[in-house]
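Note sheet for the following structure.
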Amino acid sequence: MRTHERYGKLTNTKVGELFMDGDREVKLARLLEQHRRKNKNDYSVLFNECITSLGAGTMIVSQEKSDLIYKELQEHFEFTFYGRINPEGHIFEELILSNLDRSIAKDEMCYILWSHGNDPVIQVNIYQVIKKIDDVLAVSPDVWLYKINEYVIEIFHNGVIRKIYKNKSESR
């Protein structure tokens, strides 16, 4: 055993053990792996595939902001016991998936909220969502496309799609 001085601190090591290139690489690899594990997202596989499919411009919202968006949606829209938005008291229209792109502006941004799982809210161009709707619906059986202070498009697992406006006074 030899004594080496390292950063002003004495340590006992085996000869040649300290600062060898192989050991540095191993230490670096361990540190990188620890960092990856620490920062690993716990998103579902289908969520990750959805994010990839939606492409550039898709932003994952922080958990704190996701919670606020869910809270805001629930404050402005009443939910039934089975998880649908109660459209009473709101102007709404039923839509058909094949015509959904006709009822929205191509440059609008929206939030996607999920009925099941712990995946965060994402912000994305709503037209991109419609183009990749199968990937979006794979993440959760019921999905809400929420344009804050304007409307929510509810896509329910039974195929019913409703665009529900925030206030009674808003027109179609």
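Hey, among the residues in segment 56-98 that are assigned to a helix (DSSP H, G or I) and hydroxyl-bearing (Ser, Thr, Tyr), which one's farthest from Pro120 (Cα to Cα)?
Step one: list which residues in segment 56-98 are assigned to a helix (DSSP H, G or I), which gives 63-76, 97-98.
Applying the additional criterion that residues be hydroxyl-bearing (Ser, Thr, Tyr) yields 66, 70, 98.
Numbers: Ser66: 6, Tyr70: 10, Ser98: 27 Å.
Result: Ser98.
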If Ser98 meets every condition in (1) under 23 Å from Lys166 (Cα atoms); (2) surrounded by fewer than 17 Cβ atoms within 10 Å (Cβ to Cβ) apart from one, which number is that one?
(1)
Among the numbered conditions (1) assigned to a helix (DSSP H, G or I); (2) loosely packed, with under 10 Cβ neighbours inside 10 Å; (3) modelled with pLDDT under 90, tell me where Asp107 comes up short.
(1)
When restricted to Tyr127, Tyr146, Tyr151, the only residue at pLDDT 95 or above and over 16 Å from Asn48 (Cα atoms) is Tyr146
When you look at Arg24, is it at pLDDT below 90 and touching a Ser or Thr at 6+ places or on another chain (Cβ under 9 Å), yes or no?
no
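The values are calculated or read from the model by the stated rules, or taken from the named source; none is laboratory data. Just so it is clear, the structure is predicted and the values come from calculations on it, not from any experiment. Positions of Cβ are backbone-derived with ideal geometry, glycine not excepted, and every protein chain shown enters the neighbour counts.
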